[in-house]
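S.K.: Have a look at the structure that comes next, please.
The values are calculated or read from the model by the stated rules, or taken from the named source; none is laboratory data. Since the structure is predicted, the reported quantities are computational estimates derived from the model, not experimental observations. Quick reminder, even Gly has a Cβ in these numbers, built from the backbone with ideal geometry, and neighbours come from all protein chains shown. In case anyone asks, the SASA skips ligands and DNA or RNA and just uses the protein heavy atoms, side chains included. Shrake-Rupley method; radii C 1.70, N 1.55, O 1.52, S 1.80 Å.
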Amino acid sequence: MYERVHQLPATVPGTTRQIHSFHYGPANGVGKVYIQSSLHADELPGMLVVWHLKLRLLRLEAEGLLRGPVVLVPVANPMGLEQVLMDVPQGRFDYDSRENFNRHFLDVSRQVGDAVEARLTDDPEENLRLIRSVLIRMLASQVPANQVQAMRLTLQRLACDADIVLDLHCDFEAVQHLYVSPVCWPQVEPLARYLGAQACFMATDAGGQSFDECFNLFWQHMEARFPQRLAPPGFAVTLELRGVADVSYELADQDCQGLIDYLTHAGVIEGQAPELPPLLNPPTPLAGVEPVVSPVGGLIVFCAQVGDYLSAGQVVAHIIDPISDSVTAIACTRAGLLYVRSLRRMATSGMTIAHVAGAEAFRQGYLLSP
């Protein structure tokens with residue numbers, strides 16, 4: 001194992017921030033795996049999982065069981081970690097730009113396509129290597145305008161040539177779930193099984209150019225521009241490791257083992273992977289997720305738990321006005337899995353208090369949370 005320190009440009013004189021990456025396994029082995037955590041810096045379950053992974057990978061490397069390179073970034077967003085306002089972490093949005101840290105990753109698909117078009121051969125593997133090498137150079141040539149852009153570029157550069165990219169997040173109060181591109185589902189389904197994910201959401205382009213989609217969309221653009229000329233490229237997936245309070249040794253060890261089993265199944269780790277567990281629920285479209293919105297403000301009293309399967313019209317919560325004594329029942333309009341609900345217990349009018357995953361798509365356009 002070796003560690004690399006990636007210096008971020010200082011925002012003001014006398015300050016410094018770095019991103020640390022940890023590299024395991026043979027550099028020229030079978031494939032490459034990239035795993036990062038806490039890009040939304042207040043989402044910490046993944047950070048503990050990556051810490052467990054660091055210890056496990058050290059042993060596997062010492063035993064000669066890693067067949068390819070594995071890169072871990074346990075703290076993907078040092079800027080967001082420092083953003084604490086009145087004892088409340090604010091790790092989702094950058095204070096200066098007001099941007100979501102997990103949006104606006106760079107799209108260089110047109111530039112890379114232009115650069116390789118005349119150089120492609122009849123060898124799909126060689127074409128894949130060429131595109132990856134040009135992508136690496138293209139990202140290396142970019143000059144970030146600020147520290148947030150530098151952070152995003154650093155993460156993209158570390159991951160851009162990986163076969164498997166895993167971005168570890170969590171939600172408020174939630175069950176384990178994944179976000180995946182439909183074309184990647186065959187590779188991701190074993191991961192969902194080993195982790196015991198209760199929901200898997202499919203979208204080709206959810207909007208916002210998030211970290212996982214900047215990779216999946218890049219390769220989809222390449223395959224559309226150069227059909228049948230590329231070997232199968234890598235893929236990226238976002239893992240939502242339950243809720244923000246689910247930081248425990250037991251859960252982290254369980255998730256770490258699920259990732260180890262998956263990497264063994266994928267051939268990155270030498271050995272016999274355990275038999276695939278059952279898939280808990282079939283994948284559903286991200287466009288089938290219903291945001292459950294309260295039209296009024298008041299005290300939230302939930303009537304359903306995360307993991308419950310709700311029927312259409314079932315009450316999710318009551319909103320109580322302690323002044324007028326009114327009680328407003330808030331129901332979902334479609335059947336589905338209640339996979340996340342708000343941590344807050346005081347609603348403001350128009351606030352999304354929960355999300356229900358339905359089987360049929362009904363939304364379009366931008367599908368992500370702010």
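S.K.: Work out the P(r) tail for region 44-89: percent of alpha carbon pairs separated by more than 13 Å, whole number.
M.R.: On the way: 678 of 1035 pairs.
Percent of Cα pairs beyond 13 Å in region 44-89: 66.
S.K.: Another question about this same structure. Work out Dmax and Rg for region 222-295 from the C-alpha atoms and quote the Rg first, both in angstrom.
M.R.: So, for region 222-295, Rg and Dmax equal 17.9, 54 Å respectively.
S.K.: Something else about it: From a point 7 Å beyond the Cα of Ala27 in the direction of its Cβ, which residues of region 217-245 have a backbone N at a distance under 16 Å?
M.R.: Residues passing the 16 Å test: none.
S.K.: While we're here: Across the Cα atoms of the chain, what radius of gyration and what greatest pairwise Cα-Cα distance (Dmax) are found, in Å?
M.R.: 21.3, 73
S.K.: If the only charges are +1 at each Lys and Arg Cβ and -1 at each Asp and Glu Cβ, what is the size of the charge dipole of region 175-310 around the Cα centre, to the nearest 20 debye?
M.R.: Numbers: 4 positive and 15 negative charges, 83 e Å.
Magnitude of the dipole: close to 400 debye.
S.K.: Same structure again: Using DSSP to define loop residues, name the chymotrypsin sites (Phe, Trp or Tyr not before Pro) in region 65-166 whose beta-carbon has at most 14 other beta-carbon atoms within 10 Å. Can you show the working numbers first?
M.R.: Values: sites: Phe93, Tyr95, Phe101, Phe105; in loops: Tyr95, Phe101, Phe105.
When the chymotrypsin sites (Phe, Trp or Tyr not before Pro) of region 65-166 are filtered for loop state and at most 14 Cβ neighbours within 10 Å, Tyr95 remain.
S.K.: Further question on the same structure: Any idea what the dipole of region 78-220 comes to, in debye rounded to 20, about its Cα centre with Lys/Arg Cβ at +1 and Asp/Glu Cβ at -1?
M.R.: On the way: 11 positive and 21 negative charges, 45 e Å.
Charge dipole of region 78-220: 220 debye, to the nearest 20.
S.K.: Right, here's the next one. Mind checking the per residue accessible area of the chain for me, 1.4 Å probe, whole number of Å²?
M.R.: Details: 16680 Å² over 370 residues.
Ligands and nucleic acids excluded, the result is 45 Å² per residue.
S.K.: Next question. Rounded if a/c is under 1.5, else prolate if a/b beats b/c, else oblate: with a ≥ b ≥ c from the C-alpha gyration tensor eigenvalues square-rooted, which is region 115-203? Write down the numbers at each step before the final one.
M.R.: On the way: a/c = 3.35, a/b = 1.41, b/c = 2.37.
The shape class here is oblate.
S.K.: In addition: Based on the Kirkwood radius over alpha-carbon pairs, what is the Stokes-Einstein translational diffusion coefficient of region 263-370 at 25 °C with 0.890 mPa s viscosity, in µm²/s?
M.R.: Numbers: Rh = 15.8 Å.
In µm²/s, the coefficient is 155.
S.K.: Run lengths n ≥ 4 of DSSP H only: what is the helix-derived mean residue ellipticity at 222 nm for the chain, with -39500 (n - 2.57) per run over all residues, to the nearest 500?
M.R.: Working: 8 runs with 104 residues, N = 370.
Value at 222 nm, helices only: -9000 deg cm²/dmol.
S.K.: Still on this model: Mind giving me the FRET efficiency for Asp96 and His221? R0 is 41 Å, r the Cβ-Cβ distance, nearest 0.05 is fine.
M.R.: Working: r = 30 Å, r/R0 = 0.74.
My answer for the efficiency is 0.85.
S.K.: Using a Förster distance of 22 Å, how high is the FRET efficiency between Leu280 and Phe362, based on the Cβ-Cβ distance and rounded to 0.05?
M.R.: On the way: r = 23 Å, r/R0 = 1.06.
About 0.40, to the nearest 0.05.
S.K.: Still on this structure, please answer the following. Could you give the size of the charge dipole of the chain about its Cα centre, using +1 on the Cβ of each K and R and -1 on the Cβ of each D and E, expressed in debye and rounded to the nearest 20? Walk me through the numbers on the way to the answer.
M.R.: Working: 26 positive and 40 negative charges, 116 e Å.
The dipole of the chain has a size of about 560 debye.
S.K.: Separate question: For Leu120 and Leu58, compute 0.36 nm times the residue count separating them, minus their Cα-Cα distance, and round to one decimal in nm. Each step should come with its number before you reach the end.
M.R.: Working: separation 62, 0.36 × 62 = 22.32 nm, distance 3.85 nm.
Gain on stretching Leu120 to Leu58: 18.5 nm.
S.K.: First check a/c for region 1-152, with a ≥ b ≥ c the square roots of the eigenvalues of its C-alpha gyration tensor; if it is under 1.5, answer rounded, and if not, answer prolate when a/b is larger than b/c or oblate otherwise.
M.R.: Numbers: a/c = 2.36, a/b = 1.24, b/c = 1.91.
It comes out oblate by the Cα gyration axes.
S.K.: Say each of His104 and Thr333 gets a label point 7 Å from the Cα, pointing the same way as Cα to Cβ; how far apart are those two points in nm?
M.R.: 3.2
S.K.: Right, something else. For region 245-312, state which GluC sites (Glu not before Pro) are in a DSSP loop and have at most 14 other beta carbons lying within 10 Å of their beta carbon.
M.R.: Details: sites: Glu250, Glu270, Glu275; in loops: Glu270, Glu275.
Of the GluC sites (Glu not before Pro), the ones in loops of region 245-312 whose Cβ has at most 14 other Cβ atoms within 10 Å are Glu270, Glu275.
S.K.: Given the C-alpha centroids of region 179-256 and region 318-363, what is the distance between them in whole angstrom?
M.R.: Going from one Cα centre to the other spans 27 Å.
S.K.: Sort 26-37, 315-326, 151-162 for me by packing, meaning the mean count of neighbouring Cβ atoms within 10 Å per residue, highest on top.
M.R.: Details: 26-37: 18.8, 315-326: 14.0, 151-162: 21.8.
Per-residue Cβ counts within 10 Å, averaged per peptide and sorted highest first, yield 151-162, 26-37, 315-326.
S.K.: Same structure, new question: Using the Cα centre of region 238-346 as origin and beta-carbon charges of +1 (Lys, Arg) and -1 (Asp, Glu), tell me which of Gly313, Val296, Ser324 is placed farthest towards the positive end of the dipole.
M.R.: Ser324
S.K.: Using only alpha carbon pairs under 8 Å that are at least six residues apart, calculate the relative contact order of the chain and give it in whole percent. Before the final figure, lay out each step's value.
M.R.: Values: 794 pairs, mean separation 63.1, N = 370.
Reported as a whole number, the value is 17 percent.
S.K.: Here's a follow-up. Quick one: pull the percent of accessible area on region 92-216 belonging to carbon and sulfur, 1.4 Å probe, ligands and nucleic acids left out. It would help to have the intermediate numbers written out before the result.
M.R.: Numbers: 2450 of 4870 Å².
Carbon plus sulfur share of accessible area: 50 percent.
S.K.: If you average 1/r over every pair of different alpha-carbon atoms in region 27-113 and take one over that average, what Kirkwood value in Å do you get? Each step should come with its number before you reach the end.
M.R.: On the way: mean 1/r = 0.0658 Å⁻¹.
Averaging 1/r across every pair of different Cα atoms and inverting gives 15.2 Å.
S.K.: Compute the Cα gyration tensor for region 164-313, then decide on rounded, prolate or oblate, letting a ≥ b ≥ c be the square roots of its eigenvalues: rounded whenever a/c is under 1.5, prolate when a/b is larger than b/c in the other cases, and oblate in all that remain. Provide the component values of the computation, followed by the final result.
M.R.: Working: a/c = 2.18, a/b = 1.32, b/c = 1.65.
Verdict is oblate for region 164-313.
S.K.: Have a look at Gly258, Ala199, Gln147 and report the one farthest towards the positive end of the charge dipole of region 132-278, computed about the Cα centre with Cβ charges (Lys/Arg +1, Asp/Glu -1).
M.R.: After comparing all options, I get Gln147.
S.K.: Rounded to two decimals, what is the ratio between the C-alpha radius of gyration of region 119-166 and 2.2 N^0.38 Å?
M.R.: Numbers: Rg = 12.9 Å, N = 48, 2.2 N^0.38 = 9.6 Å.
This ratio for region 119-166 stands at 1.35.
S.K.: On alpha-carbon atoms, Rg over Rh for region 66-185 using Kirkwood Rh? Write out the running numbers ahead of the final one.
M.R.: Numbers: Rg = 17.5 Å, Rh = 17.1 Å.
Radius of gyration relative to Kirkwood radius: 1.02.
S.K.: Here's another thing I want to ask about it. Carbon and sulfur together cover what percent of the accessible area of region 266-320 at a 1.4 Å probe radius? Don't skip to the answer; put the middle values down first.
M.R.: Working: 1570 of 2640 Å².
Solvent-exposed carbon and sulfur of region 266-320 make up 60 percent of the total.
S.K.: Can you tell me the length gained on complete extension of the stretch Asp87 to Tyr309, counting 0.36 nm per residue apart and subtracting the Cα distance?
M.R.: Working: separation 222, 0.36 × 222 = 79.92 nm, distance 3.50 nm.
Net length gain for the segment: 76.4 nm.
S.K.: I would also like to ask the following. Provide the percentage of antiparallel DSSP beta bridges, counting only those with both residues in the chain; round to the nearest 5.
M.R.: So the antiparallel bridges amount to about 65 percent of the total.
S.K.: First obtain the Kirkwood hydrodynamic radius of region 149-251 from its Cα pairs, then insert it into the Stokes-Einstein equation at 4 °C and 1.567 mPa s, and state the resulting D in µm² per second as a whole number.
M.R.: For the chosen part, D equals 88 µm²/s.
S.K.: Hey, another quick one. Once you put a point 7 Å from the Cα of Tyr249 and another 7 Å from the Cα of Arg4, both along the Cβ direction, what distance in nm separates them?
M.R.: It works out to 3.4 nm between the two label points.
S.K.: FRET efficiency for Ala231 and Asn146, Cβ-Cβ distance as r, R0 = 45 Å, nearest 0.05?
M.R.: Working: r = 36 Å, r/R0 = 0.81.
Efficiency for this residue pair is about 0.80.
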